[in-house]
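Everything below concerns the one structure shown next.
The values are calculated or read from the model by the stated rules, or taken from the named source; none is laboratory data. Keep in mind the model is a prediction, meaning the values are calculated, not measured. Using ideal geometry, Cβ is built from the backbone for each residue, glycine included, and neighbour counts are taken over all protein chains shown. Heavy atoms of the whole protein, side chains included, go into the accessibility calculation; ligands, DNA and RNA do not. Shrake-Rupley method; radii C 1.70, N 1.55, O 1.52, S 1.80 Å.
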Amino acid sequence: MTSSVDRPNHNWNRNPQVVVMVKEEEEEEKEEEEEEKEEEEEEKEEEEKEEEKEEEEKEEEKEEEKEEEEKEEEEEEKEKEEEEEKEEEEKVVEGEEEEEEEEKEEEEEEKEKEEEKEEEEEEEKEKEEEEKKKEEEEEKEEEEEEKEKEEEKEEEEEEEKEKEEKEKEEKEEETEKEEKEEEEKEEEEEEEEEEEEEVEEEIGEEEEKEVEGEEEEEEEEEVEEEEEYQSKARQRPATSSRLPNKPLDFQVRVHVIEARKLIGGQLNATVKVVCGGDIKESATKKGSNNPYWDQMLYFHFKDHPQAVFDKVLEIKVLNAKVVMKDALIGSFKMDVGTVYDEPEHCFIHKWLLLTDPNDPSAGAKGYLKVSINVIGPGDDPKPSPSTSSQENVDIESNLLRPSGVSLQAGSMVVRIFRAEDMPQMDPGYFEGVKKFLHVGTVQKELVDPYCTVNFAGHTGKTPVIWNEQDPIWNHQLNLGIRFPSMCERIRFQIKDKDKLGADDYIGTCFLNLSEISASGEDGYLPTFGPCFINVYGSPREFSDLPDKYDHLNKGLIPGVSYRGRVMVEVDVTLGELPATKQEPIKTSDLERATSFLRRWNYKLYAALDSATAVQPVDAAVEFEISIGSYGNKLDTNAPPQASTTQPTNPVYDGNAFYFLPWMDTKPCVVVDSMWEDCTYRIEALNMLLFTLDRLVSIFMSIPPYTSTVSVHPSIHLHCECPSLHTPPL
C-alpha cells in the first residue's frame with residue numbers, strides 16, 4: 001500500500017488534514033536545525049577562546065626565550081672581546097717572530113744565489129775544458145785523416161800504375177781486333193757499293209737529283225756541326241783528354257725533377273730528351289703549368305771519348321696531344337762534354353731556362369729542374385740529393401741560360417711591421433719561484449720572437465724582441481733577385497731565440513707569387529699588403545717535452561693550429577740590386593700602415609647540427625669553436641668566453657661508433673672577436689660582378705641572340721643582336 005503522502009498532488013484537495021500534518025512536520029524540522037546551528041556556534045566560540053589563550057601562552061613563552069637569548073648573546077660578546085684581545089697580543093708576538101724568520105730566509109737566499117753563481121762559474125770552466133779537449137781530439141783526428149789520405153793516395157798511385165800496364169796490354173789486343181774489323185768493314189763496304197750501283201741505275205734522273213740535293217744539305221749541316229764540335233773541343237779542358245783514344249763505355253743519366261711557370265694553358269707536359277740519336281721520354285703530367293716528375297732517363301754509349309763528348313744533349317718540354325703532333329713549349333741544348341768537364345762530371349739540381357730554338361730572344365718559356373750525370377770508366381755515380389735539402393739554395397746562381405738570354409736585376413722589399421698572439425715557447429720555472437717568494441710583480445712573457453724571410457735562396461731576418469708576445473719590429477728587408485724568377489712563393493718563418501740550444505720554430509706561412517702578381521703585357525709585379533698573414537703549425541698548448549709535431553711549425557706540411565699572425569708588405573722594383581740588405585721602415589710607410597690597424601667587433605655564430613662516428617670514450621664530449629685565439633679555453637692570454645657546447649655523453653649507434661643525442665635541441669655557440677675591416681677590398685669586385693650578371697641577363701633576354709658567356713675566371717662576352725635598342729640597366 002502507498003501512504004497518502006506518496007499519492008499524486010491532484011488528491012490533496014480532497015484531503016486537507018494531510019496538508020496540515022506535513023506543514024507541522026516541516027516546522028519541527030526547521031526548529032531542530034536552528035537549535036543545532038546555535039549549538040555549533042557556541043562550540044566555535046569556545047574553541048576560539050581556547051585558541052586565543054594558547055596563543056597568549058605561546059607569546060609569553062617566546063618573550064621569555066628572547067630574553068634568555070639576549071642574555072646569552074651578551075655573555076658571548078664579552079667572551080669574544082676577551083678572546084680578540086688575547087689574539088691581538090699573540091699576533092704581535094708572532095709578527096716579531098715572522099720578521100726574524102724572513103730576515104733569516106733572505107740571508108739564506110743570498111747564500112744560495114752566491115752558491116749558484118759559483119756553480120755556474122765551475123760549469124763554465126768545465127765546458128771550456130771540454131771544448132779544449134774536443135779541439136785537441138779534432139786536431140788529432142784531422143792528423144790521422146791526413147795520414148790516411150796520404151796512404152790512400154799512395155795506394156791509388158800504385159793502382160794507376162797497374163791500370164796503365166793493363167791498358168797497354170788491352171791496347172795491343174784492341175789494335176789487332178780493329179785491324180780485323182777494318183778488313184771486314186772494307187769487304188762489307190765493297191759489297192754495299194756494288195748493291196748501291198745497281199739501285200742507282202734503276203732510279204730515274206729526277207730522283208737522283210733530289211737525292212743529291214738532300215745529301216748536299218746533310219753534308220753542309222754535318223760540316224757545320226763538326227766545326228762547332230771542333231771549336232768546343234779546342235776550348236774544352238784537359239779532363240776529357242786523359243781518357244784513352246779507344247771505344248769506352250759511357251752512361252748519361254738525366255734526372256727530370258720538376259718544371260715551373262711553363263707558358264700556356266691546360267698543359268699536358270712531357271719531357272723528351274734526345275742524345276746521340278737516342279730518344280727518351282718522361283711520363284705525361286696533365287693539367288699543370290708546374291708539373292713534378294722525379295723520373296730518371298738513361299743513355300748508354302760505347303764509342304771513343306771525343307765522339308761521346310761531341311754528342312748534343314737536347315732537352316725538350318712538350319705539350320702532349322692525342323691526335324695532333326706534340327707542341328713544343330721550350331728546349332735547352334748542350335753537349336755531353338760540357339757536363340763531363342764539371343766537377344764529378346755532373347750537374348746537380350740545376351734549373352734550365354727554356355727558350356724557343358727558332359727565336360731565343362723571345363724570352364723564357366719556362367724553367368726545368370734536372371740533374372745530369374755522365375759516368376765514364378772508373379767513375380762512381382753521384383746520387384741526386386733530395387729536393388727538400390735544396391730549399392735554401394740560391395736558385396739564380398743554379399740557373400743555366402742559353403747564350404743571348406738574360407734576366408733583369410731587381411729588388412724585393414719586404415716590410416715586417418709586427419706580430420700578434422705568439423704562443424709560449426719557454427718553460428716558466430723562475431716565474432713559479434717568483435710567485436712563491438712574492439718577488440716581482442710583472443709576469444714575464446715566455447717567448448723571444450724574430451721573423452725570417454726566404455725567397456729563391458735569398459734570406460733575411462728581423463732583430464730579436466725579448467720577452468714579448470706581441471713584438472713590433474718595423475724592419476725592412478731588401479732582397480736582390482733576378483726577374484722573372486722560377487721560385488713560386490715567399491716563405492715567412494717566426495722563430496723563438498734560445499741562448500743555450502737551437503732556436504725553436506713557432507710557425508710558418510707562405511705567399512704565392514701567382515696570387516699577388518700577373519704575367520703578360522697587362523700584368524703587374526708582385527705587390528701585397530700591408531696586411532696580416534696567419535701563421536699555422538702544431539697545437540698551441542706549451543709542453544716541457546719535445547714537440548713531436550715540430551715538422552708542422554717548419555712548414556714541411558700544412559699546419560693544423562693557429563700560432564699567431566704577422567703583418568707584412570711586399571713590393572718589387574726592377575732596375576738595380578739593393579744597396580743595403582736591411583734597414584728600419586720609413587715613418588711615411590709606418591703612418592700608412594697604421595691606418596689599417598683599426599679594429600671592429602665581430603661575432604661568430606655557430607650551430608652544430610649533428611655529431612656522428614665518434615670514437616668510444618668514457619667521459620662527456622664537448623666541441624669548442626674558436627677563431628684565432630678568441631674562444632680557445634686553453635690559451636691563458638685570450639679572454640674567457642662560452643665557446644664550447646654542453647658536455648654530452650655519447651650514445652652507441654649499434655654498429656661501431658657513437659653519436660651525440662642532440663635530437664631536436666641543437667647547441668649554439670657565439671664568440672666575440674676584434675678584427676680589421678677588410679670589406680673595402682671586395683666591394684669593388686662585387687660591384688663589377690653584379691654589373692656583369694645584369695649585362696648577361698639583358699643580352700640573354702633579347703631574341704634572337706648569339707651569346708658566349710663565361711663569368712670567371714676569364715671573363716668573355718660575345719653577343720650578336722639585330723635590335724639597336726636595349727633596356728636600361
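When only residues in region 582-623 that are surrounded by 10 or more Cβ atoms within 10 Å (Cβ to Cβ), within 27 Å of the chain's Cα centre (by Cα) and over 16 Å from Trp662 (Cβ atoms) count, which is modelled with the lowest pLDDT? Top of the filtered list is Phe596.
Figure legend. Inter-residue proximity from region 394-416: first residues modelled with pLDDT of 65 or more, second residues acidic (Asp, Glu) and not in a loop (DSSP other than H, G, I, E, B), beta-carbon distance below 6 Å, spacing 6+ or different chains. Indicated pairs: Val413/Asp571; Arg415/Glu569. Look at region 462-491: where a residue is in contact (Cβ under 8 Å) with a residue 60 or more places away in the chain and hydroxyl-bearing (Ser, Thr, Tyr) and a partner is in a loop (DSSP other than H, G, I, E, B) and open to solvent by 50 Å² or more (accessible area, probe 1.4 Å), sitting 6+ places away or on another chain with Cβ atoms under 9 Å, you get Ser485/Lys261. Is it fair to say Ser384 is modelled with pLDDT under 80 and either surrounded by 13 or more Cβ atoms within 10 Å (Cβ to Cβ) or part of a helix (DSSP H, G or I) (or both)? Yes, satisfied. Highlighted here are the strands (runs of 3 or more DSSP E) found entirely within region 263-353 that include at least 2 residues which are over 30 Å from Pro484 (Cα atoms): 278-281, 292-303. When residues in region 520-577 are screened for being in contact with a Pro (Cβ under 7 Å, 6 or more places away or on another chain), without any contact (Cβ under 8 Å) to a residue 40 or more places away in the chain and of a type in the set (A, V, I, L, M, F, W, C), 0 of them pass. Which residue, of Asp653, Asp672, is more than 21 Å from Ile533 (Cα to Cα) and either surrounded by 10 or more Cβ atoms within 10 Å (Cβ to Cβ) or among the charged types (D, E, K, R) (or both)? Sole residue among the options that is more than 21 Å from Ile533 (Cα to Cα) and either surrounded by 10 or more Cβ atoms within 10 Å (Cβ to Cβ) or among the charged types (D, E, K, R) (or both): Asp653.
Which one is surrounded by the most Cβ atoms within 10 Å (Cβ to Cβ) among residues in region 312-338 that are of a type in the set (Lys, Arg) and at pLDDT below 85?
Filtering first and then ranking leaves Lys321.
Given region 431-550, what strands (runs of 3 or more DSSP E) lie entirely inside it while holding 2 or more residues that are open to solvent by 20 Å² or more (accessible area, probe 1.4 Å) and either at pLDDT below 80 or closer than 30 Å to Glu109 by Cα (or both)?
Numbers: elements: 449-455, 458-461, 472-483, 489-496, 504-512, 527-537.
Per the criteria, 472-483.
Only residues that are of a type in the set (Val, Ile, Thr) and over 14 Å from Arg491 (Cα atoms): list them for region 532-560, please.
Val560
Restricting attention to region 238-252 and to residues that are closer than 21 Å to Lys382 by Cα and open to solvent by 70 Å² or more (accessible area, probe 1.4 Å), the residue that is modelled with the highest pLDDT turns out to be Asp249.
Candidates are the residues of region 255-282 that are of a type in the set (S, T, N, Q) and touching a Gly at 6+ places or on another chain (Cβ under 9 Å); the one that is surrounded by the fewest Cβ atoms within 10 Å (Cβ to Cβ) is Gln266. Among the residues of region 594-648, those identified as of a type in the set (D, E, K, R), part of a loop (DSSP other than H, G, I, E, B) and either closer than 15 Å to Val670 by Cα or in contact (Cβ under 8 Å) with a residue 24 or more places away in the chain (or both) are Arg598, Asp609, Glu622, Lys633, Asp635. In contact (Cβ under 8 Å) with a residue 40 or more places away in the chain, open to solvent by 30 Å² or more (accessible area, probe 1.4 Å) and closer than 18 Å to Ser371 by Cβ: is that true of Gln306 in this structure? When the stated conditions are applied, Gln306 does not pass them. Residues in region 675-698 that are at pLDDT below 85 and open to solvent by less than 80 Å² (accessible area, probe 1.4 Å): Cys678, Thr679, Ala684. On the basis of being closer than 30 Å to Ile516 by Cα and either touching a residue at least 40 places away in the same chain (Cβ under 8 Å) or not charged (D, E, K, R) (or both), does Cys668 make the cut? Spelling it out, it is not the case that Cys668 is closer than 30 Å to Ile516 by Cα and either touching a residue at least 40 places away in the same chain (Cβ under 8 Å) or not charged (D, E, K, R) (or both). Only one entry of His725, His718 meets the criterion of being open to solvent by 100 Å² or more (accessible area, probe 1.4 Å) and at pLDDT below 85, and that entry is His725. Kindly indicate whether any position in region 561-578 is surrounded by 10 or more Cβ atoms within 10 Å (Cβ to Cβ), among the polar types (S, T, N, Q) and closer than 25 Å to Lys495 by Cβ. Yes; the residues of region 561-578 include at least one that is surrounded by 10 or more Cβ atoms within 10 Å (Cβ to Cβ), among the polar types (S, T, N, Q) and closer than 25 Å to Lys495 by Cβ. Only one of the numbered conditions (1) open to solvent by less than 80 Å² (accessible area, probe 1.4 Å); (2) modelled with pLDDT of 75 or more is not met by Thr708, and that is (2).
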